[in-house]
Amino acid sequence: MSGAALGVEIILVFFLALFLLHRYGDFRKQQRMVLFGTLVAWYLCFLIVFILPLDVSTTIYSQCVWDHQDLVSVPTISPVNHSSLNTSAEPTSRVLTQCYRPWSYIPENIRPLFWRVVYWTSQCLTWLLLPFMQSYARSGGFSITGKIKTALIENAIYYGTYLLIFGSLLIYVAVHPELHLSWYELQTIGITAANTWGLFLLVLLLGYGLVEIPRSYWNASRHGHLLIKTYFKAAKLMTEKADAEENLEDVMEEVRKISESIKYNHPLRKFIDTILRKCPVDYQEKMGRNMDDYEDFDEKQNMYPTEKNLVKLHKQVIYAVQRHNRTRVQWQILLQQAVHLEDVAKNETSSSHQFVHSFPSSETAGWVSRYVYTPTVEWYWECLLKRWFYRLLSVVLTLFSVAVVWSECTFFSTRPVLSLFAVFIQLAERDYNYLYIEMACFITIFFLCTCVYSTVFRIRVFNYYYLASHHQTDAYSLQFSGMLFCRLTPPLCLNFLGLIHMDSAISHQEKLQTAYTTIMGSMKVLSFIANGFYIYYPMLIVLLCIATYFSLGTRCLNLLGFQQFMDDSEMTSDLIDEGKELIRRERRKRQRIEDGENRRREWKERYGNQRDDFATRNRSSHEMKETNYSESSRDRQAKYSHSGSRAERDCIELLQDAEPLDFNADSLTDNPLETESGRPTAGRYLSMSSSRNRIFDDV
């Protein structure tokens, strides 16, 4: 089993990162470079989180072996007193029986190499490659050289800021004569600077997530509150959707004017064709119909844009199309959520205890819907069990949040041990229960990552950064999230090791360090950060949690003019009413579409079968006529020769009209009725009959 757990987790974490990237990115439309860079960044960050508990259990086992070697190396047996021989052998045998290798043991030569590769790869991505790839993907250039030039110019100030910070720390170390600069110390300074930046942002995001995640699940159990908030979101999203459509119209109008002015033989026409390929299909068709490709251009009469203007227009087209598609998809998803919540509100008072949907799915129900998730089971889950499950989950998450806040304020105290997570790990360490140690570490760090990463997925910086699900996230936001993950994960793991007292720079205990901590280097190079900032700055999380609980940030944004959901705001009430009317309007529109489809389906089922019966009957009668034509002709002639009265001949004509005849039969002209009554041949009635059968062909 040596290294097997490591290999299994490496594979599982890869599929987890791939699943999340598929949910937020678009594999078919986005650039492969963007998807690959984001996937590697997310994968490395998730890998650190999942492998760190194995490193902790392996370190505890190594500490046990180290203590055992110390006991063996110290002679405690007296050669004279034999009673001391027995008493001293007992603790040694006890240590030998307790130091067994964990099932997830990682060899000593693998851990340092693994952490070194993972850490430095993630740091190169977040500080060098991803910012450059971010500017490259957002650039509107038409060539690789132009995009690279734009990316270098945009990142010049970005990289210069980091060099200034690193130079300041380097000068601080250089002015202290007791500190000798070496490659290891320079490396530690760089790691410390990166972790300090990450810890500063980590506390802000963690303080928001510790309160907002339990509260979100508690609010999810309140169907009325959730429905009202959905109405509020619908009103805001409709405004954004209308703005996106208007922006797209303006950009497409500018593209149309430039496309009409630049003809097919103009040197810049190839750039216009590239821009047109990025436009929606309906706009491409409109511009194609109004374009005269055979009209030559005249440089003296028209003022043509420059290549720089076309680059700017290309960037605007990419942004406008992506924003329009995102708001359109988000509106459909929000509409489904609102309809579902309204269905839940209606079904709560149902006495049949069966969930009824306003718009049943047109897809065929699978075996899960037929046998497992039946309408009765769905009613009990949606109307009864789901709210209690969310409330219980909210209470559990609240207890975890309280434990994290308490431990963040007391983890520097080692005697007595006040950090709750350190107490749990030390209790398990006494019995060397490695499975309990790994589960406790994994649950703790997973909760911390959930609070931080969920905040990264929720926050929105205008339209500059926004992670939208259902494949609607742009390339810039995907790579920006990868940068944030790579910068937040290392300080998050160091903070977790400090909470469980596995970091000697904070706990000041002579214990064996984890392989991850050794890669980070000794914080003693910058003592004011190790003994000051890393210990006292996390206490700020208490103030952030209080501010989040009372929604101070939401109130400030509301005062600045950004509409936020608040129960006691008049603007919120107006937006709720507006959203309710929008949902009601969309529901009526959808109901009309459903009714129209049902009517067409019923019409087709009713008259489509008759048309098939008519066609079958005509084919069979036609075949019978071809085989027995001579006999039927003689019978009709004999029958018609005996008919003397006018009324009888009319009856014979009606019967003849109902029978399909063949236009190619020459003997039809021998019909005596044609000469007597002067009526046309029965072939005319055949065409009328067949036309009646084809009345509903177009329905």
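The values are calculated or read from the model by the stated rules, or taken from the named source; none is laboratory data. On a predicted model such as this, the values are computed, not experimentally measured, just so you know. Note that each Cβ is placed from the backbone with ideal geometry, even for glycine, and that neighbours are counted across all protein chains shown. Please note that ligands, DNA and RNA were not included when accessible areas were found on the heavy atoms of the full protein model with its side chains. Shrake-Rupley method; radii C 1.70, N 1.55, O 1.52, S 1.80 Å.
Would you be able to tell me the number of residues in the range 4-32 that are more than 13 Å from His471 (Cα to Cα) and loosely packed, with under 14 Cβ neighbours inside 10 Å?
Total meeting the criteria: 8.
From the list Phe446, Phe421, which one is closer than 28 Å to Leu47 by Cα and either part of a loop (DSSP other than H, G, I, E, B) or open to solvent by 70 Å² or more (accessible area, probe 1.4 Å) (or both)? Give the derivation first.
Details: Phe421 fails: either part of a loop (DSSP other than H, G, I, E, B) or open to solvent by 70 Å² or more (accessible area, probe 1.4 Å) (or both).
None of the other options fit; the residue is Phe446.
Could you look through the range 471-508, keep only residues that are outside any helix (DSSP H, G or I) and either open to solvent by 10 Å² or more (accessible area, probe 1.4 Å) or not polar (S, T, N, Q) (or both), and pick out the one that is modelled with the lowest pLDDT?
Residues of the range 471-508 outside any helix (DSSP H, G or I): 471-474, 500-503, 508.
This time we only want the ones that are either open to solvent by 10 Å² or more (accessible area, probe 1.4 Å) or not polar (S, T, N, Q) (or both), so: 471-472, 474, 500-503, 508.
Numbers: His471: 86, Gln472: 85, Asp474: 87, Ile500: 91, His501: 87, Met502: 86, Asp503: 78, His508: 67.
Checked the range 471-508; the qualifying residue modelled with the lowest pLDDT is His508.
If we keep just the residues of the range 525-549 that are within 18 Å of Pro490 (Cα to Cα) and open to solvent by 20 Å² or more (accessible area, probe 1.4 Å), which is modelled with the highest pLDDT?
Let us first name the residues in the range 525-549 that are within 18 Å of Pro490 (Cα to Cα), namely 526, 529-530, 533-535, 537-538.
With open to solvent by 20 Å² or more (accessible area, probe 1.4 Å) added as a condition, the list becomes 533-534, 537.
Values: Phe533: 76, Tyr534: 75, Tyr537: 84.
Here the answer is Tyr537.
Quick test for you: out of Tyr264, Tyr283, pick the one residue that is over 30 Å from Met483 (Cβ atoms), in contact (Cβ under 8 Å) with a residue 12 or more places away in the chain and open to solvent by 70 Å² or more (accessible area, probe 1.4 Å). Break it down into steps so the answer makes sense when it comes.
Details: Tyr283 fails: open to solvent by 70 Å² or more (accessible area, probe 1.4 Å).
It is Tyr264.
Give Arg415, Arg391, Arg387 a once-over and let me know the one that is among the charged types (D, E, K, R), open to solvent by 70 Å² or more (accessible area, probe 1.4 Å) and over 25 Å from Leu543 (Cβ atoms). Write out each step before concluding.
On the way: Arg391 fails: open to solvent by 70 Å² or more (accessible area, probe 1.4 Å); Arg387 fails: open to solvent by 70 Å² or more (accessible area, probe 1.4 Å).
From the options Arg415, Arg391, Arg387, the qualifying one is Arg415.
Go through Pro305, Pro360 for me and flag whichever is modelled with pLDDT under 85, crowded, with 17+ Cβ neighbours inside 10 Å, out of contact with any Asp or Glu (no Cβ under 6 Å at 6 or more places or on another chain) and not charged (D, E, K, R).
Details: Pro360 fails: crowded, with 17+ Cβ neighbours inside 10 Å.
Among Pro305, Pro360, only Pro305 is modelled with pLDDT under 85, crowded, with 17+ Cβ neighbours inside 10 Å, out of contact with any Asp or Glu (no Cβ under 6 Å at 6 or more places or on another chain) and not charged (D, E, K, R).
Output the residues belonging to the range 204-226 that are surrounded by fewer than 21 Cβ atoms within 10 Å (Cβ to Cβ) and in a helix (DSSP H, G or I). Before the answer, list the steps.
Of all residues in the range 204-226, those surrounded by fewer than 21 Cβ atoms within 10 Å (Cβ to Cβ) come to 204, 212, 215-226.
Once the filter is applied, which keeps residues that are surrounded by fewer than 21 Cβ atoms within 10 Å (Cβ to Cβ) and in a helix (DSSP H, G or I), the range 204-226 yields Leu204, Glu212, Arg215, Ser216, Tyr217, Trp218, Asn219, Ala220, His223, Gly224, His225, Leu226.
Out of curiosity, is Tyr319 in a helix (DSSP H, G or I) and exposed (fewer than 12 other Cβ atoms within 10 Å of the Cβ)?
Answer is no for this residue.
Can you pull out the helices (runs of 4 or more DSSP H) entirely within the range 1-101 that have at least 3 residues that are closer than 19 Å to Cys441 by Cα and either within 43 Å of the chain's Cα centre (by Cα) or at pLDDT 90 or above (or both)?
On the way: elements: 4-24, 32-73, 82-98.
Passing ranges, in order: 4-24, 32-73.
Answer yes if at least one residue in the range 132-141 is among the basic types (Lys, Arg), part of a helix (DSSP H, G or I), open to solvent by 70 Å² or more (accessible area, probe 1.4 Å) and over 30 Å from Leu268 (Cβ atoms), and no otherwise. Step through it out loud before you land on a result.
Kept after step one, since they are among the basic types (Lys, Arg), are these residues of the range 132-141: 138.
If we keep only those that are part of a helix (DSSP H, G or I) too, we end up with 138.
Checking which are open to solvent by 70 Å² or more (accessible area, probe 1.4 Å) leaves us with 138.
After this cut, where a residue has to be over 30 Å from Leu268 (Cβ atoms) as well, the list is none.
The answer is no; no qualifying residue exists.
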